[in-house]
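Data first, discussion second: the structure below is written as C-alpha cells.
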Amino acid sequence: MINAFRKHGMKVTWVNWGLTNYDLLTIPPAFKSGFSGGSDLANETFGSDMGTIQENGTTIEVGQKLMRGAWNAEPWGVLGTMKDEGLAAGTDFLFHKNRLSGLWGPQTPYGQWLQENEITTIFFGGVNADQCVWSTFIDAYFKGKAPSPVSHLEETSLIILAYLGYDVVYVDDISATTSPEYASDMVRYNANGDGNSTSIIAALDSSACKTNST
C-alpha cells in the first residue's frame with residue numbers, strides 16, 4: 001500500500017510516538033499508569049530506561065520508553081527502512097505524537113500539516129488498531145479539517161466558517177493489535193459507519209504492492 005500511494009503521488013504520513021522531557025511533565029498520572037509495566041510507576045512508564053535486547057547477535061539499546069529518537073519508538077523492521085526511504089525521497093512525512101491520538105487537543109503538528117496541505121481524505125492503518133489508530137481515526141472524523149469560508153457579510157467583513165470532518169478510511173489489511181480479537185471487531189464495526197475498506201490495497205494498484213505485502 002505504501003508503494004502504491006507513492007506511485008500515484010499520494011502523501012504517506014507516519015504518526016509515531018516521540019515524547020520530549022516537557023511532555024513527561026504534562027502527561028496525566030492515569031495515562032502514565034496505563035503505560036507502566038508494573039507497580040513502580042516512576043520507573044516503568046513513559047521515559048523509563050527499557051534496557052537492551054539481542055537481535056541477530058547484536059546488543060541494541062532499546063532506549064527510554066517512547067521518547068523521541070529512541071529505538072523502541074521507531075517503526076518495526078522493514079517499516080522503519082521504508083519510512084527512512086520515503087522521508088529521504090520527499091514522498092513521506094513524519095509527525096511525533098504525545099498521546100494515543102495524533103490529532104488530540106486544539107492542534108497537533110499532524111493536524112496543522114493536514115490543514116495547511118488541504119488534505120480531505122485520510123487512510124488509516126497501523127498498531128494498535130484499537131488504541132492509537134482508532135483514537136486518531138475518530139478524532140479526524142469528528143474534529144475536521146481547516147475551516148472553509150462559506151459566506152461573507154460585506155457590511156461587517158465577518159467570515160462565517162464551516163468546520164467539516166475529514167473523510168476517513170480504516171484499512172483493515174494493514175492494521176493489527178495485541179488486544180483480544182473482540183477489540184479489532186469493535187474497530188471494524190464502528191469504522192464501517194464512518195469509512196472503511198478491506199480491499200483498498202488491490203484497488204490502488206496490486207502490482208505496486210507486491211514488494212510490501214504487509
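Looking at segment 85-148, which chymotrypsin sites (Phe, Trp or Tyr not before Pro) are in a loop (DSSP not H, G, I, E or B) and have at most 10 other Cβ atoms within 10 Å?
Working: sites: 93, 95, 104, 110, 113, 123, 124, 134, 137, 141, 142; in loops: 104.
The qualifying sites: there are none.
Using θ = phi - 60° in the Karplus curve 6.51 cos²θ - 1.76 cosθ + 1.60, the 3J(HN,Hα) couplings for segment 11-23 round to 6, 10, 10, 10, 10, 10, 4, x, 6, 10, 4, 5, 4 Hz; x is entered for Gly and Pro.
Each residue of segment 173-182 was assigned a 3J(HN,Hα) from its phi angle through the Karplus curve 6.51 cos²θ - 1.76 cosθ + 1.60 (θ = phi - 60°); the sequence is 4, 10, 10, 7, 7, 8, 6, x, 4, 5 Hz, with glycine and proline shown as x.
Excluding same-chain neighbours fewer than eight residues apart, the aspartates and glutamates reachable from residue 32 by a Cα-Cα span under 13 Å are 23, 40, 44. Rg then Dmax, both in Å and based on the Cα atoms of segment 7-114: 15.6, 49.
Amide H contacts of residue 14 (H built 1.01 Å from N, in plane; Pro and chain starts excluded): 93, 94, 95 sit under 5 Å, all sequence-distant by 5 or more or on other chains.
All of the numbers you see were taken from the coordinates with simple rules; none came from a lab. Being a predicted model, the structure only gives us computed values, none of them experimental. No Cβ is skipped: glycine too gets one built from the backbone with ideal geometry, and neighbour counts run over all protein chains shown.
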